[in-house]
1. Could you work out how much longer the chain between residue 101 and residue 257 gets when fully extended? Use 0.36 nm per residue separation minus the Cα distance between them, nm to one decimal.
2. Amide H neighbours of residue 144 under 5 Å, counting only residues 5+ apart in sequence or on other chains, H built in-plane at 1.01 Å?
3. Using modelled amide H (1.01 Å from N, peptide plane; none on Pro or chain starts), what sits under 5 Å from the amide H of residue 85, excluding residues fewer than 5 places away?
4. Give, in nm to one decimal, the length gained when the segment between residue 110 and residue 35 is fully stretched (0.36 nm per residue of separation minus the Cα-Cα distance).
5. Using θ = phi - 60° and the Karplus curve 6.51 cos²θ - 1.76 cosθ + 1.60, what whole-Hz ³J(HN,Hα) does each residue of region 127-141 get, with Gly and Pro shown as x?
6. Which whole-Hz couplings ³J(HN,Hα) result when phi for each residue of region 213-218 is put into the Karplus expression 6.51 cos²θ - 1.76 cosθ + 1.60, θ = phi - 60°, listed in order with x for Gly and Pro?
7. Report the residues of region 106-143 in range of a label on residue 417: point 7 Å along Cα→C-beta, backbone N strictly under 16 Å from it.
8. Only counting other Cβ atoms within 10 Å, I'd like 198, 489, 252 sorted with the fewest neighbours first.
Amino acid sequence: MKCSSRLTRAVLSCWVFLVYYISALKTAVAVKVFIPPNSKTKGCTVSFPYASYHSYSSKFFPNCDKEYYAKQYYIALKDKMLNDFRINTAFHILAYDDHSEPIVPDLLLENQISFLNSVFGKHGITFNVKKVYVNNTHFRKRLNVPFCNREDIGNGICSLMCNTSTTNYDGGDCVDVDKFGCNRTSIGNNICNQNCNFKIFKYDGGDCCLEQEKPVENCVDPSNKGLRWYSYAEYKDMAFKQSGIEVFNVGFTSMPDCKWCGGMTTAPFVPWGAWKNRQTSGSILRDITIGGPQNSDIVKGGGAILLHEVGHALGLGHTFIGVEAGSFNMGGGPFCKGDGPMKNHQCLERNQNSRTWSLGDLCPDTLPSPVAFGCRGDKIKDTALTPAKDCDGNRWVNFTKNNFMGFNYLQAGCKAEFTMCQYSKMRCTLDDVYSSWQSLPQSLIQPSTVVLEPIAELTNASSVQLLFAAPLNVGLRDGNKSGSNLLSFQIERKSILEEKVIVMNTKEQNVFQGQLVVYVDKTVLPGTTYVYRVRAVNPKNGRAGHSFSYSSRLIHIPRALPSPSPASSDRNKTKNPQSDDGILIVIIVAAVMIILPIFVFVIHGNWNSLSVLSHSCYNCKRRYFTREYERGTSFDLTTESGGKEYTIL
Ligand SMILES: [Zn+2]
């Protein structure tokens, strides 16, 4: 476009038009994302501090926790329609500078890897583990204090996570320093005096960090390089060499003894994409937790703690979340209906007696549970339950036991497991977030796995509209969410009375993750009931994904159009049959149909804008259908038939 007028006004208007033109063009090419129909989890928002224990922020609701996606992955997993997913994993093993004394012996590492693969491998998730030896004597000799940072030490506020003997109780913030009886004359005498090793005494005047005073044992001054401990962030920055986009980073460190000194994970749904960054991604485990169930006598949790952390990394929350998060993690009672950080009741799970609800882990096949310790086989002592009673004040009877996302697996003799919902959510998260972790060669990867359930609706008496989300794992091969894959969709239609299947193909198109795909079938016959299913085809490798999905309900086409009312018929009869009115209307309609697109094209400069206009209309239809969908189906995993109700094809 040329802005060449000499008149200021004209130039101004030209610029205004140009700005409008550019912004309109942007809008026109924006991809519409499929918005799942209303469900129990839609609109469920979770606020801090609960959110920090459940992997999401209040602004972000993970796709794989939405009913629409969770249900499809559950069905696909159960029906074995999902491709295997082999995760590129790096185990970072600290050792001394001379490569001696790795922090976890090789036999225990191998047992841990076998345990991981045996549990996750049941449903096609395996770990391709690369052992990365991190030879660093400084870190190898020191302890990692979980969730504590140098800035928190000695700031006058007692920080719970820093309150260990390793930090001299938060640099003295958490203790009455006077009780230690520091002899002030000994401060700065070049001999480390632990009674004065607090911030208020400038850490014995620096004596405890002097080289001859063994700083690795005595130095607690956070500003000193010889500090006897380090933080998660420092460890990751030193050890992790690859970003979280390329690989699942797992590190092992020594830790002090404390309640939360086991493992930590950067969940995929925390804001700012921390999982992607080398310095913040992955999981860190305490060295003594690594091994297999056969090592339970020497390995804390018998190797299950890493599996628990992998569960978090793949989007799972604790099974006791909501019921107990209040008292166990943060103080305070259980969050029951109407209290705690719940914004609404859409994320609630039914409590054990079905009368009340608790905020749960959003897996219907894990019952709301207390934190349970003290396992001996299947028996858990009542006294080991926190809280002791549920939201109705009843003693716990039915709750989820021996689950990797609870805690009672920590005791020897507990055999933990994941439920089907948990497996399917983790598999969904791999597609949704971590597609770039796939370690299979490109030639074996099928970009399209699960095509999501089409929502089918009769739009008028002669056409059916299908709306569905493009697969979640497209366009993510390089960890870049804005990527796309060239796919076409095969739509199969069958009348419920015949065996014949009609196959329709959409054009190949670049689709983005979860993009709204719309297909209108105008070839339906009156008086017929149809079912549809959809699958994605990857034209690059010529293969369709194992990805059939099923129409949400049967679509019945009415036998005939409603007949015109007698009054209007009579009125028509009185018209002159030779009148040219009809031709005039046709001319006006044709003129509008020609002029409108030209007008839109001039404004937006792109024919895509027409589809944007029509999309808004699709949404109107979909809103109507959504209500039908809600009434017609319920997401109950225990009775879900795997879509078989519609498996007529
Ligand atoms: Zn946890």
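1. Numbers: separation 156, 0.36 × 156 = 56.16 nm, distance 2.13 nm.
Length gained, residue 101 through residue 257: 54.0 nm.
2. Long-range HN contacts for residue 144: 230, 254, 255.
3. Close amide H contacts, sequence-distant or interchain: 125, 126.
4. Working: separation 75, 0.36 × 75 = 27.00 nm, distance 4.33 nm.
So the chain would gain 22.7 nm between residue 110 and residue 35.
5. Result, rounded to whole Hz: 10, 8, 8, 9, 8, 10, 7, 9, 8, 8, 4, 4, 6, 4, 8.
6. Per-residue couplings from phi come out as 9, 6, x, 4, 9, 10 Hz.
7. Answer for this model: 118-124.
8. With the sparsest Cβ surroundings first, the list reads 198, 489, 252.
Here, each number is a calculation from the coordinates, and none is a lab measurement. Predicted model, so just to flag it, every value in this text is computed and none were measured. So basically every Cβ, Gly included, is an ideal-geometry build from the backbone, and we count neighbours across all protein chains shown.
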